Amino acid sequence: MKWEVVIGLETHAQLSTASKIFSGAPTAFGAAPNTQACAFDIALPGVLPVLNRGAVERAIRFGLAVGATINRKSVFARKNYFYPDLPKGYQISQYEIPIVQGGALTIATASGEKTVRLTRAHLEEDAGKSLHEGLHGMTGIDLNRAGTPLLEIVSEPDMRSAAEAVAYAKALHALVKWIGICDGNMQEGSFRCDANVSVRRSGESKLGTRCEIKNLNSFRFLEQAIEFEVRRQVELIEDGGSVVQETRLFDPDRHETRSMRSKEDAHDYRYFPDPDLPPLVLDAAWIERVAAELPELPEAMKTRFEREYALTAYDARVLTSSRELAAYFETVAATLAGSAKLAANWIMGELTAALHKASLDIADSPISAGQLAGLLKRIDDGTISGKIAKEVFDAMWEGAGGGAGHAAGGRTPTTATLSADAIIEERGLKQISDEGALERIVDEVLAANQGVVAEYRSGKEKAFNSLIGKAMQATRGKANPAQVNAILKKKLGA
Amino acid sequence: MPAMLAGSITEVARALRAKRYSCVELTQGLLDRIAQLNPALNAFITIDAERALADARAADAAFAAGNARPLTGIPIAHKDILASAAMRTTCGSKMLANYASPFDAHVADLLKRAGTVLVGKTNMDEFAMGSSSETSFFGPVRNPWNTAYVPGGSSGGSAAAVAARLICGGTGTDTGGSIRQPAALSGICGLKPTYGICSRYGLVAFASSLDQAGPFAQTAEDLALLLNAMAGHDPRDSTSLDRPAEDYARMLAGSRGARPLEGVRIGLPREYFGAGIDADVAAAIDTALGELRALGATTVDIALANVKLAIPVYYVIAPAEASSNLSRFDGVRYGHRASSYSDLDNMYEKTRAEGFGAEVKRRILVGTYVLSHGYYDAYYLKAQQVRRLIAGDFRRAYQSCDVIAGPTAPTAAFRIGAKADDPVEMYLNDIFTVAANLTGAPAMSIPCGFDRSGLPIGLQLQGDAFAEATLLDVAHRFQRATEWHQRAPTLAESTGSLPPEGTQ
């Protein structure tokens, strides 16, 4: 039996405002409990909410970035329920009329690009936190997070696998960071997903009963939770049972989801428009100004990269996965007119690998775009080979790291931002392209390796490569490999 | 120093400026009077003599320095639903019996800056839910005209204190008539301003879309002075209106001759003059209308077809908002918490069962019900639709009149306990007042006579949004021609146990 998986995500992105959505208290993470909660945040009698326009502007920015409708009038509602970390006994959220409606996001899947439709995005406040550790059986309440502005982004049930859900979450994560509305810090809870998962038999048009898995704060957990949940639902149905609509929690230690509350236990939130806040009315000029200030968006930039730099769709997508990476690439490519592919290969290969290994972000790369451009220029003009370039790259990386220049036997770099030219000069890494010099080297190699030459002559093609390797070795990799190749061929009469 | 009688703000301000007595003398005199009379009236929840005298000394210093303002040195009290940092803010509830607010309500702050002397906080129906001031955790307030009767509510403490001449003015809040009805039943003046004129910051919310703070005083002129200080935009309240400052007393100066209300059209809704109105009330209103006509006003009959639905609409919307507003009283962070409980739900249940009185619980239950899934459309949404219809009726009516007049309440004060067991009967006392809260328009009550038992009767004047100055002008002209507002209760007679005025 073939099963189709249907997934929709609800994502909470914490908006990067300095103060809370309805109060002036700061939103910074990690302060001592309740030191960032003002009278409004702890819901003292008589306090009132005042909307933070910075949060509104970020929501508009998001709506514009996903091609959604920005509702000129939206309404804040109260979602009523009792919980100790919800000081007012209600959460201010948008219910019937959200600020952002519709829109779509393009994601890359195994079978090509796919559009995921968005239902809506609305503004709301976060709740506080209940603390249990070290309180001797009591519960502590930390209201620092209460009132932190959130944008809840709801997708249509357009995803068909855990991998697609992860691709969507990653694209959304990249976008909110790209447009500067969310720091995307998942460890601190700035970006977290709830997944609505259901399964149905292939060809079935009716949706299966869904379960909502709450609070997935890493892409890995998202993937594991969905995969577990899909298996659970399929097994349930195949064993003759049926899925019960409920809210589930993912246990990252046991890699499984478990029931939190059933539909019957679901709260009646008694939503109604918050009488403390007039409807949010946006004037056209504000929306236009936000639109004008919007940076070039990843999709547009990706298309431009394909066109302008003749990159493949894949390369263009990878290079536009963050604004910083795209900017880095463009800086390098600008100095390397005509060799954008070389820039792309090095950034996506060598640089990304080194950054990944060091757990660094592109913004914190020890090698600046200017430095890398200087290096690639020397490959491009034949000063050094690609192999030598890797050595220079390592030297640059370490130089920036604080002076481990001994590895290659050269002198310790004196500055943290050595140019490729300085390293090439200092270490004598310049490619040997002098025809006469190379001929002498090849002659020496041939003389010293008569056995290999004989092997080659007896028809062992591989022996040719061995001879090139010996020539490169003799020059510590500095010989121009193309020239060596040509000279060797000529000498061997190949 | 004999116990003093609080005069009108206008008189007292004149006396202070003329240095006939100092503000400290005045304040001490009133504190003595409060000490004598409050045990019988129960108008105050908190009296802070030290603080009042400190304010009074500051006022005397201002007079000495020559920088006194219109309200400098005027003794007042706040309804105990307005937060004040100086003394506890109880809302008349066990839930907040010892709650100390770290901040002042915006209107309290403005009145402090205006130089008033804060004597204390006044008693009220618990969380402003009631029309009799009987539901307070601190016991019922008694009507100074006859202590066997209620003073009206929910701002009954402020009304009784002003009526008994314990203070010159006071604040109240009006969600469905809670300023106007006690003003009427206590024989004084009270004004509910246009929604958004006075900031709600620090006003502990009952029904946010209806709540509005306003002043109590002996005269319309005094109300204007208090409103001048209380009004103004406050960025901390998103429903506070940002409009140019207005002098609400601007129309009150000068005599304008024998017919000062020439050109003023007074609308008489037939719905306010039908069955259910006490005969004495009807007669007093009729006489008052005659007086207004004699002053030059014309009266026109108008219709407010949907106003009969105001009570049911109000008793859906107000409890709905209240059920949500009162959710914060959960025992977690401040206020009453049950002393023992088995788990979280049990803590909520016991805390709220113990902390709230019967009327508050009743409204939370009603409000929770009307917002529930499956009932929201039939109740809350429908009520909001009818609310707009009622507002439309008033808008049309104001095309043919400037002011709408009628009784503030269908009867004079009733006996304490008379309606305590019949909430619907109690709710019907608000029948003429709730519409102004639903529309957000200003309305006031002024004394216009007495019933056969000597209990005061109030005339309600309503106007379109921002018509406060017109309402105050009509009231002021009426008061220049009549003397109902000058009548004060003779407390010794009504209480039996208190000495006559000024004998100590």
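Some notes on this structure:
- Residue-by-residue Karplus 3J(HN,Hα) for the range A:172-184, coefficients 6.51, -1.76, 1.60, Hz, glycine and proline x: 5, 4, 5, 5, 5, 6, 3, 8, x, 9, 8, 7, x
- Viscosity 1.306 mPa s, temperature 10 °C, Stokes-Einstein D of the range A:296-427 from Kirkwood C-alpha radius, µm²/s: 106 µm²/s
- Derived scalar couplings ³J(HN,Hα) [the range B:379-391; Karplus, 6.51 cos²θ - 1.76 cosθ + 1.60; whole Hz; x for Gly, Pro]: 10, 4, 5, 4, 4, 5, 5, 5, 4, 5, 4, 4, 4
- Measuring between their Cα centroids, the range A:34-112 and the range B:416-468 lie 40 Å from each other.
- Placing +1 on the Cβ of every Lys and Arg and -1 on the Cβ of every Asp and Glu, with no other charges, gives the range A:3-286 a dipole of roughly 540 debye about its Cα centre.
- Rounded to the nearest 20 debye, dipole of the range A:1-129 from Cβ charges on Lys, Arg, Asp, Glu: 280 debye
- Overall, the ratio between the Cα radius of gyration of the protein assembly as shown and 2.2 N^0.38 Å, rounded to two decimals, is 1.29.
- Chain A: angle of helix A:284-293 to the longest principal axis, Cα-based, in degrees nearest 10: 20 degrees
- Cross-link partners of residue B:112 among aspartates and glutamates (Cα-Cα below 14 Å; sequence separation of 8 or more within a chain): B:55, B:104
- For chain A, the spread of Cα positions along the three principal axes, ordered from largest to smallest, is 93, 56, 53 Å.
- Near residue B:203, the amide H atoms lying under 5 Å from its own belong to B:83, B:106; only residues 5 or more places off or on other chains count, and H is placed 1.01 Å from N.
- Helix-only mean residue ellipticity at 222 nm for chain B, each DSSP H run of n ≥ 4 adding -39500 (n - 2.57), per residue, nearest 500: -11000 deg cm²/dmol
- Considering only A:130, A:70, A:87, the residue lying farthest towards the positive end of the dipole of the range A:32-160 is A:70, judged by Cα position with unit charges set on Cβ.
- In order along the range B:348-363, phi translates into HN-Hα couplings of 4, 4, 5, 4, 6, 5, 7, x, 9, x, 4, 5, 5, 4, 4, 6 Hz, rounded to whole numbers, per the Karplus curve 6.51 cos²θ - 1.76 cosθ + 1.60 with θ = phi - 60° and x for Gly and Pro.
- Candidates per GluC sites (Glu not before Pro) in the range A:415-479, loop by DSSP, up to 12 other Cβ within 10 Å: A:461
- Of the residues A:481, A:420, A:458, the one whose Cα sits farthest toward the positive end of the charge dipole of chain A, with +1 on the Cβ of Lys and Arg and -1 on the Cβ of Asp and Glu, is A:458.
- Here's how it looks for residue A:147: its modeled amide H is under 5 Å from those of A:126, A:127, which are all 5 or more places away or on a different chain.
- Separation of the alpha carbons by more than 27 angstrom is noted, of B:361/B:382; A:341/A:478; A:79/B:121, for A:79/B:121.
- When only the Cβ of Lys, Arg, Asp and Glu is charged (+1, +1, -1, -1), the dipole of the protein assembly as shown relative to its Cα centre reaches about 920 debye.
- Among the chymotrypsin sites (Phe, Trp or Tyr not before Pro) in the range B:330-372, those placed in a DSSP loop whose Cβ has at most 16 other Cβ atoms within 10 Å are B:341.
- Per-residue ellipticity at 222 nm, computed for chain A from helices alone with -39500 (n - 2.57) per DSSP H run of at least four residues, works out to -11500 deg cm²/dmol.
- Put simply, the amide H of residue B:302, placed in the peptide plane, has neighbours under 5 Å in B:268, B:270, leaving out anything fewer than 5 places away on its chain.
- The spacing between the range A:203-260 and the range B:138-187, judged by their C-alpha centroids, is 61 Å.
FYI, it's all coordinate maths here, none of it is from the lab. Being a predicted model, the structure only gives us computed values, none of them experimental. So basically every Cβ, Gly included, is an ideal-geometry build from the backbone, and we count neighbours across all protein chains shown.
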